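*Asks:* My questions will all concern the structure given below.
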Amino acid sequence: MKALALILLPALALAAPPQSRRVSTLLVPMDPGAEASSVQMEGYMNEALSHFAGMSVRKSEDLFGMPEDPEARASLERGRKGYSESLAAFDKKEYEEAERKVRATLKELQGAAGAMRGCSPLCDALALYAAVLHLRGDVEEAKLALIDLMALSPTHELSPKRFTREFLALRVQVATSRTSLLRGTATVKSRPAGARVFVDGEAVGYTPVTLPALPIGKHLLRVERPGFRQHGQLMEVGTDDIEVTANLVPTSSYKAYDAQLDRVAGEVNRAGEKASGVAAMAQSLGLDRVMVGTLRSNGEGSELILGYYDARTGQRMAGRRMSVQGDEYGQLKQEMERVVNHLVNGVGEKVSKSRDPLDSRGGMEDWSSEDRGGRAKAQDKKAKAGDDPLDSVSGTEDW
């Protein structure tokens, strides 16, 4: 039996799938203007790398972390407990106790925005607070609480078994009032720029970003950038324009990476055959291959200098210098995909995860010789003997 096992071991070793290469894209912004777009471009390039077989893509948040704010998490847990106690008092018709507890709960939840992924329990607490105010006759204050509730979640359901018919009618009245139709504008910035912005759980862009036509009232704001602690707050939108700036706190991993950037940026810009600084950085991040670029803004867009490196040796296997015009027309993702395919295909790594021969075809393959992950390389058609001489003629060649 032992002899059989020894015979089978080499065969099993040969049959085992090859280990995936750990790869990632890292862009070094050279000025504040480039900083705003670097994270978005990194994401698009990592997505393009994921199209290749034999590659295990490590995103920036995997490399540097993007931890929650622990204080926000603690506030959220206390807020949930407070809402449960408030609801219990309300159901017992102990309305003064319910109001006292729900006020404390709402105050606690103001600091929990960074840990919230939906409007619960904040929306539930606002609805309960409005109902308590309505019961003691403070209708105008109840309306204000309902405006905040509808700004956070216009379709939030109120239970007819718990709330009175009069309160439910008040909610409908507020929803159709002129006040509920008012809108405001918020500009969200961050230090550093380029952080992803979520408003009421929906991704709305990257900092700096201006958000027009937001319903007046409270909104949940969350700001995320790989390598930094997540930031969250309740944003109050009124008819006057507001501006919010998030000061992001870096992780220890990102601080160590940031200390190497000057040397790495210089090696990428010189485009030498070897880059020992790139190799040291990539090895410290546990990578086998790394696509490193520098991004510098100019008058109309940005200049991208990109290199594709072997992390073990620092060998520069491929490189590209190009102008990037931004993402005004939604073309940036395709542009980043093309440059990644150009570099990776240039070193022979053309095997794709997909076996569908039509997976990467969009009907415009003849317009460009570049392919997606090596799956659909355009081939020039050559006429064969006996073929129709007009088979490849469209009639517009002289034009």
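The values are calculated or read from the model by the stated rules, or taken from the named source; none is laboratory data. Everything numeric here is computed off the predicted structure, so don't read it as measured data. Glycine also receives a Cβ, built like all others from the backbone with ideal geometry; neighbour counts cover every protein chain displayed. All accessible areas refer to the heavy atoms of the entire protein, side chains included, with ligands and DNA or RNA removed. Shrake-Rupley method; radii C 1.70, N 1.55, O 1.52, S 1.80 Å.
*Asks:* Could you grab me the full set of residues in the range 16-29 that are open to solvent by less than 70 Å² (accessible area, probe 1.4 Å) and at pLDDT 85 or above? Break it down stepwise before answering.
*Replies:* Our first condition is that a residue be open to solvent by less than 70 Å² (accessible area, probe 1.4 Å); within the range 16-29, this holds for 16, 20, 23-29.
Ser20, Val23, Ser24, Thr25, Leu26, Leu27, Val28, Pro29, listed by residue number.
*Asks:* Continuing with this model, one more query. Among residues belonging to the range 36-66 that are hydroxyl-bearing (Ser, Thr, Tyr) and surrounded by fewer than 22 Cβ atoms within 10 Å (Cβ to Cβ), point out the one that is nearest to Thr105 (Cα to Cα). Lay out the reasoning, then the answer.
*Replies:* Keep residues of the range 36-66 that are hydroxyl-bearing (Ser, Thr, Tyr), which gives 37-38, 44, 50, 56, 60.
Those left that are additionally surrounded by fewer than 22 Cβ atoms within 10 Å (Cβ to Cβ): 44, 50, 56.
Values: Tyr44: 40, Ser50: 44, Ser56: 44 Å.
Only one residue fits best here, namely Tyr44.
*Asks:* In addition: How many residues, within the range 263-303, are within 17 Å of Ser60 (Cβ to Cβ), surrounded by fewer than 15 Cβ atoms within 10 Å (Cβ to Cβ) and touching a strand residue (DSSP E or B) at 6+ places or on another chain (Cβ under 7 Å)?
*Replies:* Here the count works out to 1.
*Asks:* Can you tell me which residue within the range 236-262, out of those that are within 20 Å of the chain's Cα centre (by Cα) and more than 28 Å from Met317 (Cα to Cα), is most open to solvent (accessible area, probe 1.4 Å)? Quick ask: steps written out before the conclusion?
*Replies:* Let us first name the residues in the range 236-262 that are within 20 Å of the chain's Cα centre (by Cα), namely 244-251, 253-254.
Narrowing further to those that are more than 28 Å from Met317 (Cα to Cα): 244-251.
On the way: Val244: 17, Thr245: 51, Ala246: 2, Asn247: 97, Leu248: 18, Val249: 74, Pro250: 49, Thr251: 20 Å².
Ranking the candidates gives Asn247 first.
*Asks:* Separate question: Which number in (1) assigned to a loop (DSSP other than H, G, I, E, B); (2) of a type in the set (D, E, K, R); (3) modelled with pLDDT of 90 or more marks the one condition that Asp327 misses?
*Replies:* Among (1) assigned to a loop (DSSP other than H, G, I, E, B); (2) of a type in the set (D, E, K, R); (3) modelled with pLDDT of 90 or more, Asp327 violates only (3).
*Asks:* Out of the residues in the range 272-323 that are assigned to a strand (DSSP E or B), polar (S, T, N, Q) and modelled with pLDDT under 95, state the one that is farthest from the chain's Cα centre (by Cα). Outline the logic, then answer.
*Replies:* Of the residues in the range 272-323, the ones assigned to a strand (DSSP E or B) are 274, 289-297, 302-310, 315-323.
Narrowing further to those that are polar (S, T, N, Q): 294, 297, 302, 315, 323.
This time we only want the ones that are modelled with pLDDT under 95, so: 297, 302, 323.
Details: Ser297: 22, Ser302: 21, Ser323: 23 Å.
Checking each candidate, the answer is Ser323.
*Asks:* Which residues, taken from the range 138-155, are part of a loop (DSSP other than H, G, I, E, B), without any contact (Cβ under 8 Å) to a residue 60 or more places away in the chain and open to solvent by 30 Å² or more (accessible area, probe 1.4 Å)? Don't jump to the end; show me each part of the working.
*Replies:* Narrowing the range 138-155 to residues part of a loop (DSSP other than H, G, I, E, B): 138, 153-155.
Within this subset, residues satisfying the condition of being without any contact (Cβ under 8 Å) to a residue 60 or more places away in the chain are 138, 153, 155.
Matches in the range 138-155: Asp138, Thr155.
*Asks:* In the range 212-233, which residues are open to solvent by less than 30 Å² (accessible area, probe 1.4 Å), of a type outside the set (Lys, Arg) and under 17 Å from the mean Cα position of the chain (by Cα)?
*Replies:* Correct list: Leu220, Leu221, Val223, Glu224, Pro226, Gly227, Phe228, Gln230, Gly232.
*Asks:* Could you list, in sequence order, the residues of the range 186-208 that are out of contact with any Phe, Trp or Tyr (no Cβ under 6 Å at 6 or more places or on another chain), assigned to a strand (DSSP E or B) and open to solvent by 20 Å² or more (accessible area, probe 1.4 Å)? Full working, then the answer.
*Replies:* Here is the first cut: in the range 186-208, the residues out of contact with any Phe, Trp or Tyr (no Cβ under 6 Å at 6 or more places or on another chain) are 186-193, 195, 197-208.
Now narrow it down to the ones that are assigned to a strand (DSSP E or B): 186-191, 197-199, 202-206.
Within the range 186-208, Thr187, Lys189, Arg191, Phe198, Glu202, Ala203, Val204, Gly205, Tyr206 meet the criteria.
*Asks:* Within the range 90-124, count every residue that is surrounded by fewer than 20 Cβ atoms within 10 Å (Cβ to Cβ), farther than 30 Å from Ala195 by Cβ and free of Cβ contacts under 8 Å to residues at least 24 places away in the same chain.
*Replies:* Going through the range 90-124 one residue at a time, the tally reaches 7.
*Asks:* Scanning for something over 23 Å from Ser180 (Cβ atoms), among the acidic types (Asp, Glu) and either assigned to a helix (DSSP H, G or I) or at pLDDT 95 or above (or both), does the range 104-123 turn up at least one residue?
*Replies:* Looking through the range 104-123, at least one residue is over 23 Å from Ser180 (Cβ atoms), among the acidic types (Asp, Glu) and either assigned to a helix (DSSP H, G or I) or at pLDDT 95 or above (or both).
*Asks:* Within the range 158-185, which residues are touching a strand residue (DSSP E or B) at 6+ places or on another chain (Cβ under 6 Å) and open to solvent by 30 Å² or more (accessible area, probe 1.4 Å)? Outline the logic, then answer.
*Replies:* Applying the first criterion (touching a strand residue (DSSP E or B) at 6+ places or on another chain (Cβ under 6 Å)) to the range 158-185 yields 183-185.
Those that are touching a strand residue (DSSP E or B) at 6+ places or on another chain (Cβ under 6 Å) and open to solvent by 30 Å² or more (accessible area, probe 1.4 Å): Arg183, Thr185.
*Asks:* Please specify each residue of the range 67-81 satisfying the condition of being open to solvent by less than 50 Å² (accessible area, probe 1.4 Å) and either touching a residue at least 40 places away in the same chain (Cβ under 8 Å) or closer than 30 Å to Val290 by Cα (or both). Don't jump to the end; show me each part of the working.
*Replies:* At the first step, the residues of the range 67-81 found to be open to solvent by less than 50 Å² (accessible area, probe 1.4 Å) are 69, 72, 74-76, 79.
Result: Asp69, Ala72, Ser75, Leu76, Gly79.
*Asks:* Would a scan of the range 159-180 turn up a residue that is of a type in the set (S, T, N, Q), outside any loop (DSSP other than H, G, I, E, B) and in contact with a Pro (Cβ under 9 Å, 6 or more places away or on another chain)?
*Replies:* The initial filter retains those residues of the range 159-180 that are of a type in the set (S, T, N, Q), namely 159, 164, 173, 176-177, 179-180.
Now narrow it down to the ones that are outside any loop (DSSP other than H, G, I, E, B): 173, 179-180.
From what's left, in contact with a Pro (Cβ under 9 Å, 6 or more places away or on another chain): 180.
Checked against the condition, which is being of a type in the set (S, T, N, Q), outside any loop (DSSP other than H, G, I, E, B) and in contact with a Pro (Cβ under 9 Å, 6 or more places away or on another chain), the range 159-180 yields at least one hit.
*Asks:* Moving to a separate point now. Please tell me if Ala13 is open to solvent by less than 30 Å² (accessible area, probe 1.4 Å) and either modelled with pLDDT of 95 or more or not acidic (Asp, Glu) (or both). Explain how you work it out, then say what you get.
*Replies:* Details: open to solvent by less than 30 Å² (accessible area, probe 1.4 Å): no; either modelled with pLDDT of 95 or more or not acidic (Asp, Glu) (or both): yes.
When the stated conditions are applied, Ala13 does not pass them.
*Asks:* What are the residues in the range 125-137 that are surrounded by 20 or more Cβ atoms within 10 Å (Cβ to Cβ) and farther than 30 Å from Pro67 by Cβ, if any? Give the derivation first.
*Replies:* Applying the first criterion (surrounded by 20 or more Cβ atoms within 10 Å (Cβ to Cβ)) to the range 125-137 yields 125-134.
Listed by number, the residues that qualify are Ala127, Leu128, Tyr129, Ala130, Ala131, Val132, Leu133, His134.
*Asks:* Among the residues of the range 278-305, count how many are out of contact with any Leu (no Cβ under 7 Å at 6 or more places or on another chain), small (Gly, Ala, Ser) and within 27 Å of Arg229 (Cβ to Cβ).
*Replies:* Number of matching residues: 5.
*Asks:* Which pairs turn up if I take residues in the range 34-58 that are under 16 Å from Ser20 (Cβ atoms) and look for partners that are buried (at least 24 other Cβ atoms within 10 Å of the Cβ) and among the hydroxyl-bearing types (Ser, Thr, Tyr) with beta carbon separation below 8 Å, at least 6 apart in sequence or on another chain?
*Replies:* Close Cβ pairs satisfying both conditions: Asn46/Ser24; Asn46/Thr25; Leu49/Ser24; Leu49/Thr25; Val57/Ser24; Arg58/Ser24.
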